[in-house]
Amino acid sequence: MNNKAGLHMNKWLSSLLATATLALLLPATALHAQGVAEIVCIQCHGNLPGKLGEPVRDWRRSIHAENAVYCNDCHGGDPKDAANAMSPARGFLGAPKEAAIPAFCGRCHVGVKKDYLQSAHGKALAKGGPTCVTCHGNHAVIKATIDLINETSCSRCHSYERAARMKQALQETEALIGTISGKIELFKGEGVDTDLLEKGLFSARNRYHTLFHDVDVARVTRESAQTRSELAKIMVSLTKLEVERTKRKIIGGVAVGGALLAALLFYLLRRTFD
Ligand code: HEC
Ligand code: HEC
Ligand code: HEC
Ligand code: HEC
Ligand code: HEC
C-alpha cells in the first residue's frame, strides 16, 4: 500500500505543479479531486448513475481521499487500465460481503480490527452486530471522533445506556486533553521547551483513543481513570512552569522598574547639574 500511495503521491504532485497557477485559486480539496481524476476507476464510475457513481462523490470528501487512499487501495484492481481494471487477475476484490468487511478495512487498520474482533460487536459479526461501515460509513469515512457515539446511531440495536456511560468517560478525558494541549501550545509559543510534556500527552492520547472498539464499559472506565492520573502529572508540571513564569515576570518587572527609576534619577541629576 505504501508503494502505491507513494506512486499516487508523485502523480498528485506533478499534477499539482502543472496546475500551479490554479493551485493559488482553488481550495485544496478541489485540487486534490482534480489531480486524481485520471485513475480509470474514478473516470468511469464518476459517470455512472446511482449506486455505481455514488462511491466517487462520497469518497472525494473522505479522509481516505485526503490521505491518497484510492479505490484500488481498498478494492484492488488496476487503476491504469480501463479494460482490465476490475479483473481478478489484477487483484480486483469486488465489494466485500458484510462478514468480510472487518478484514477488508483491517488490512490497514490492524489494531482496530484486533480490538473489534475480540469485542461483543465482533463476536456478533453477521449476527446482528455492527461492522466498521455501520458506524463509519463505507466511502464517506471522515475523521473519527467521540461524536460517533450518539443515541441515533447506538440505539439502533440496543439501549443507549452503556454507550452513554462510555461516552461520558471518554468526553471528560478528552476535555482534559484539550485543556492541557492548549496550555502546552501557549508555553511553546513563548519558547519554553515542552518536548517531554508533548510526548507524554501524545502517548496518553494515542493509547486512549484505541479504547473504543473493545466496547468494554468497565475497561473504559478503569483506563479513563488511569489516563486522567497520567494527565494530572502533566498538569502539575505545567502549573510549575506557570509559577516560574509568574516569578520571572515579577523579577523582570522589578528589573525594568529599577532601570526606569535609575534612568529617571540620572535625568533629574543631569538637569540639576545643567
Ligand atoms: C469502464 C468502466 C469501469 C472501470 C474503468 C471500473 N469500473 Fe468498477 N464497475 C463498472 C460497472 C459497469 C460495474 C457494475 C457491473 C459489474 O459489476 O461489472 C462496476 C462495479 C464495481 C464494483 C462493485 C462490484 C461488486 O462486487 O458489486 C466495484 C467495487 C468497482 N466496480 C470498483 C472499481 C475499481 C476499484 C476500479 C478501478 C481499479 C473500477 N471499478 C474500474 C465500471 C467500471
Ligand atoms: C476505504 C475503503 C474503500 C475505498 C477507498 C473505496 N471503497 Fe468502494 N466499497 C468499500 C466497501 C467496504 C464496500 C461495501 C459496502 C457495504 O457493504 O456497505 C464498497 C462498495 C463499493 C461498490 C458497490 C456499491 C453498492 O452499493 O453495491 C462500488 C461500485 C464501489 N465500492 C466503488 C468504489 C469506487 C469507484 C471507489 C473510488 C472512488 C471506491 N469504491 C473506494 C470500501 C471502499
Ligand atoms: C489501504 C489502506 C486502508 C484501508 C483498506 C482502509 N483505510 Fe481507513 N485509513 C487509511 C489511512 C492511510 C488513513 C489516514 C491516516 C490515519 O488516520 O490513519 C485512514 C483513516 C481512517 C479513519 C480516520 C482515522 C482517524 O484518525 O480519525 C477511519 C475512521 C477509517 N480510516 C476507517 C476505515 C474503514 C471503515 C475502512 C473500510 C471500509 C478503511 N478505513 C479501510 C487507510 C486505509
Ligand atoms: C459501534 C461503532 C463502531 C464500529 C463497529 C467501529 N468503529 Fe471505529 N470508531 C468508532 C468510534 C466511536 C471512534 C472514535 C473513538 C475515540 O475517538 O475515542 C472510532 C475510531 C476509529 C478510528 C480512529 C481511531 C484509531 O484507533 O485509530 C479508526 C481508524 C476506526 N475507528 C476504524 C474502524 C474499523 C476499521 C472498524 C472495523 C474493524 C471500526 N472502526 C468499527 C466507532 C466504531
Ligand atoms: C448493528 C447493531 C448495533 C449497533 C448499531 C451498535 N451495537 Fe453495540 N452491540 C450490538 C450487539 C449485537 C451487542 C452484543 C449483545 C449485547 O450486549 O447487547 C452489542 C454490545 C454492546 C456493548 C456491550 C459490550 C459488552 O462487552 O458488554 C456496548 C457497550 C455497546 N454495544 C456499545 C455500542 C455503541 C457505543 C454503539 C454506537 C457507536 C453501538 N454499540 C452500536 C449491536 C450493535
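Per-structure values
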{"quantity": "All positions within region 100-130 that are near ligand 4 (Cβ under 6 Å from one of its atoms) and over 18 Å from Val69 (Cβ atoms)", "calculated": "Tyr116, His121, Pro130"}
{"quantity": "Candidates Ala255, Ala232, Ala259, Ala218, filtered to the one that is within 25 Å of Tyr160 (Cβ to Cβ) and away from ligand 3 (no atom under 16 Å from the Cβ)", "calculated": "Ala218"}
{"quantity": "Only listed residue being of a type in the set (D, E, K, R) and at pLDDT below 95, chosen from Glu38, Glu66, Glu54", "calculated": "Glu38"}
{"quantity": "Exclusive hit being of a type in the set (Ser, Thr, Tyr) and outside any helix (DSSP H, G or I), set Thr210, Thr239, Thr227, Thr246", "calculated": "Thr210"}
{"quantity": "Residues of region 41-67 that turn out to be of a type outside the set (D, E, K, R) and either over 19 Å from Gly77 (Cα atoms) or away from ligand 1 (no atom under 13 Å from the Cβ) (or both), as a count", "calculated": "6"}
{"quantity": "Hits in region 97-111 (condition: touching a Cys at 6+ places or on another chain (Cβ under 9 Å), more than 9 Å from ligand 2 (Cβ to nearest atom) and open to solvent by 60 Å² or more (accessible area, probe 1.4 Å))", "calculated": "Arg107, His109"}
{"quantity": "Members of region 115-163 that are away from ligand 3 (no atom under 15 Å from the Cβ), open to solvent by 40 Å² or more (accessible area, probe 1.4 Å) and either touching a Ser or Thr at 6+ places or on another chain (Cβ under 6 Å) or closer than 20 Å to Tyr208 by Cβ (or both)", "calculated": "Gln118, Asn150, Arg162"}
{"quantity": "Residue match in region 212-232 (condition: more than 37 Å from the chain's Cα centre (by Cα) and surrounded by 10 or more Cβ atoms within 10 Å (Cβ to Cβ))", "calculated": "no"}
{"quantity": "Odd one out for Ala169 among (1) modelled with pLDDT under 95; (2) out of contact with any Ser or Thr (no Cβ under 7 Å at 6 or more places or on another chain)", "calculated": "(2)"}
{"quantity": "Any hit, region 251-274, residues being of a type in the set (S, T, N, Q), out of contact with any strand residue (DSSP E or B) (no Cβ under 6 Å at 6 or more places or on another chain) and touching a residue at least 12 places away in the same chain (Cβ under 8 Å)", "calculated": "no"}
{"quantity": "Given (1) without any contact (Cβ under 8 Å) to a residue 12 or more places away in the chain; (2) surrounded by 14 or more Cβ atoms within 10 Å (Cβ to Cβ), number of the condition Ala68 does not satisfy", "calculated": "(1)"}
{"quantity": "Qualifying residue in region 74-96 (condition: basic (Lys, Arg) and surrounded by 15 or more Cβ atoms within 10 Å (Cβ to Cβ))", "calculated": "yes"}
{"quantity": "Test for Thr173: is it of a type in the set (S, T, N, Q), open to solvent by less than 50 Å² (accessible area, probe 1.4 Å) and touching a Lys or Arg at 6+ places or on another chain (Cβ under 9 Å)", "calculated": "yes"}
{"quantity": "Gly128 of a type in the set (Gly, Ala, Ser), without any contact (Cβ under 8 Å) to a residue 12 or more places away in the chain, at positive phi and not in a helix (DSSP H, G or I)", "calculated": "no"}
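The values are calculated or read from the model by the stated rules, or taken from the named source; none is laboratory data. Not measured: the values here are computed from a predicted model. Glycine also receives a Cβ, built like all others from the backbone with ideal geometry; neighbour counts cover every protein chain displayed. What goes into the accessible areas is simple: the full protein's heavy atoms, side chains included, and nothing from ligands, DNA or RNA. Shrake-Rupley method; radii C 1.70, N 1.55, O 1.52, S 1.80 Å.
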